[in-house]
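Nothing in this text is a laboratory measurement; each read-out follows from the coordinates by a stated rule. All values derive from a computational prediction rather than experimental measurement. Note that we place each Cβ from the backbone using ideal geometry, even for glycine, and neighbour counts take in every protein chain shown.
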Amino acid sequence: MKQHIQYLGQDQHVCVVGLGYVGLTLAITLAKIGFHVTGIEKRADIVAQLKAGHAHFYEPDIDTMLQEMQAAGRLDIYQQLPDDSPSTVYIITVGTPLGDNNKPRMDFIEAATTELADKMPDGSLIVLRSTVKLGTSRHIVAPILEASGKSFHLAFCPERTTEGKALQELRYLPQIVSGYNFESLVRASELFQFITPIVIKVSELEVAEMVKMVDNTQRDLYFAYANEVASLCDAAGIPAGEVINAGNFHYPRNNMPSPGLVGGPCLSKDSYLLMESMAPFNVYPKITMAARHINEEQPAVCARFIKNRADEMGIDPTTISILGLAFKGAPETDDLRGTTATFLIDELRLCFPNAALQGYDAVVSAADIEAFGLKPVQTIEQAFNSSRIVVIHNNHQSFRSLPLGYLSRQMQTPSIIYDFWNLFDHEKLDLADHVLYASLGNHCATEQAKRMREAMAVHQATTPTRQSA
C-alpha cells in the first residue's frame, strides 16, 4: 500500500454520511489518502456487511480496499453519528430519489442535516455531495444549520464519477467546489485538493448545483438523439448503425453514441430535478424533457416491435430470456436503481402475457433477479436453449463475444434475438434457419431481416400447424 499523505491541512477527521455508491467510494478514497474517516449508514444490515469487509454493491477492488482501510484504523463505520466524533468535516451523500409524480425527495437531505446540526462542533465544514434541485444548499441545508446557533462552513461539491470506475476517477476527475461564503469555498477547496489535482472553484452554490444537473441531462440528451436517429432510420428502412458509424469515422465534429437504453440512478432522475428547479421561474426545459421522454419510451417501442415480428413469424413463446438486468453493463455494475429492465419486463408481460420471463446477469445476484419476478438463469446457454425470444438488455462486455451462431442453433425455431446495443454486425452473423437477429435502429434495414420475413412467409404457407415452445 502506498504511503499516505502526512500533512492534511486543518481537517484530518472526516465524516461521510450515507455509504451508498457515492459515499463508500469517497470514504475509502479519503482513508487511503490518509484522512481518518467515520462512515455513517442507517441500514443495520449494510453496516454489518461493511464491518465484515464486504461492500453491498459491485465495484472493482472495493472489498480489498475496504478491508485495508479498516485494518489500518483509518475507516470506522457506525449506524449513528457518535456523540464524541472527532470529525471537523461532514460530507452528506444520502440519496435524493424521485417520489410520487417524479417529484424529487429532499427528506433524506433534511434528516441528515438536522442530525449533523445537533451533533457537529462549532466551526464544522458541511459538504453537500448529493445531487439536488437548485437552491437546496442555500434554502434547505443552510437554514437548518443556522438554527443550531453554531458557526459552520458550507459547500456544495457534486459527485462526478461513474459506477465501475469510481475509485479511480475520484483521484483524477476535476472537482467542482462552491461555498456559502469565501471562507467555505477556500476550506472545501483545500480538502479536495488532496483528492484530485484539479479543483474548479465556482462563484455560487447554485452554480455548482446547476453544473451537476446540466452535466447529467446533457448526457441524457446525447443518448436521446441517438435513439431518435434509430427511430428515423427504422422508419426509413436504413441501418442506423451504419449511419452513425460512417458519420463518426475520422470526423472530429461527430461523436454520436450508439442507440440504446438509458437509465440508472442519475440519468433517469436528473432531468426531473432540473425541471423542478426551474418551476419557480416559470420555465419548462423543453429539450431536456423531450429527450427524457424519448429515452423512457424505448422499452415499449422495442417490445412492440418484438411482438409484431413474433406474430409475423408465428412465435407464441412460453419463455423469454432477458440478458443483463443492471442499468448498464460497461463499466460493469450490479446497480439496479433506475434500470430500464423494469419497464422492459412490464412491456414484455403486456405483449406476451402467457410467457414466463427469466433473467441472466454476469454481476447481479440471483436473489435480485428473482425480485423482478424473473427466474434466474445460471448460464448463457440455458437462456438461449430454453427460449424462443432472447433480449440483450445491457451492454456487458461478455455479451459482445457471444457465439450467436452456435447459440442460435440451440434455440427452438422460429425464434428472435433482440439486441438493444447493436453488439453484432447483422451481415456477418451465421444464424440458424428461422432465427431472426434484430437491433435498435436496425429493425427493417438488413437483408437478413428481409430474407427472414420472406422465408417465414413461405414456411407459414406450407406448414398447416405449429407447436409453440
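General observations
- Rough spin-label spacing in nm, given labels placed 7 Å along Cα→Cβ, for residue 366 and residue 300: 3.6 nm
- Relative contact order of the chain, taken over Cα pairs closer than 8 Å and 6 or more residues apart, is 12 percent.
- Averaged over residues, the count of other Cβ atoms within 10 Å places the peptides 240-251, 216-227 in the sequence 216-227, 240-251, highest first.
- With q set to 0.09, 0.12, 0.14 Å⁻¹, the log10 of I(q)/I(0) for region 178-287, from the Debye formula over equal scatterers at the Cα positions, is -0.40, -0.65, -0.79.
- Filter on 51/133; 201/328; 165/212; 103/165; 307/375; 51/119 - keep pairs with C-alpha separation over 25 Å: 51/133; 201/328; 103/165
- Annotation: the antiparallel percentage among DSSP beta bridges lying fully within region 13-203 is about 10.
- Helix axis angle, 341-351 relative to the chain longest principal axis, alpha carbon, degrees: 30 degrees
- For region 47-139, the Stokes-Einstein estimate of translational diffusion at 37 °C and a viscosity of 0.692 mPa s comes to 212 µm²/s, using the Kirkwood hydrodynamic radius over alpha-carbon pairs.
- Rounded to 5, percent antiparallel among DSSP beta bridges of region 204-469: 5 percent
- Loop chymotrypsin sites (Phe, Trp or Tyr not before Pro), region 113-190, which have at most 16 other Cβ atoms in a 10 Å radius of their Cβ (DSSP): 172
- Counting beta carbons within 10 Å around each of 292, 304 and listing the fewest first gives the order 304, 292.
- Farthest towards the positive end of the charge dipole of region 209-317, among the residues 216, 245, 315, is the Cα of 216, using unit charges on the Cβ of Lys, Arg, Asp and Glu.
- Distance from region 353-388 to region 206-261 (C-alpha centre basis), Å: 30 Å
- Segment residue 316-residue 101, length gained on full extension (0.36 nm per residue, minus Cα span): 73.8 nm
- Rounded to the nearest 20 debye, the dipole magnitude of region 158-302 is 300 debye, with +1 charges on Lys and Arg beta carbons, -1 on Asp and Glu beta carbons, and the Cα centre as origin.
- Once the mean of 1/r is taken over each pair of separate Cα atoms and inverted, region 327-456 shows a Kirkwood hydrodynamic radius of 15.4 Å.
- Reported to the nearest whole Å, the Cα centre-to-centre distance from region 89-106 to region 9-29 is 18.
- Calculated Rg and Dmax of region 310-395 using C-alpha coordinates, Å: 12.3, 37
- Charge dipole (debye, nearest 20) of the chain; +1 at Cβ of Lys and Arg, -1 at Cβ of Asp and Glu: 520 debye
- Per residue, the convex hull around the alpha carbon atoms of the chain comes to 159 Å³.
- Of all beta bridges that DSSP places with both ends in the chain, some 10 percent have antiparallel geometry.
- Order of 148, 203, 184, 130 - criterion: other Cβ atoms within 10 Å of each residue's Cβ, fewest first: 203, 148, 184, 130
- Per-residue ellipticity at 222 nm computed for the chain from its helices equals -12500 deg cm²/dmol, with DSSP H segments shorter than 4 residues left out and the rest contributing -39,500 (n - 2.57).
- Net length gained if the chain between residue 354 and residue 114 were fully extended (0.36 nm per residue, minus Cα distance): 81.3 nm
- Axis of helix 21-33 versus longest Cα principal axis of the chain: the two differ by about 50°, to the nearest ten degrees.
- For region 203-281, size of Cβ-based charge dipole, Lys and Arg +1, Asp and Glu -1, in debye: 240 debye
- Helix 205-236 axis versus longest C-alpha principal axis of the chain: approximately 0°, rounded to the nearest ten.
- P(r) weight above 25 Å for region 204-469, C-alpha pairs, percent: 47 percent
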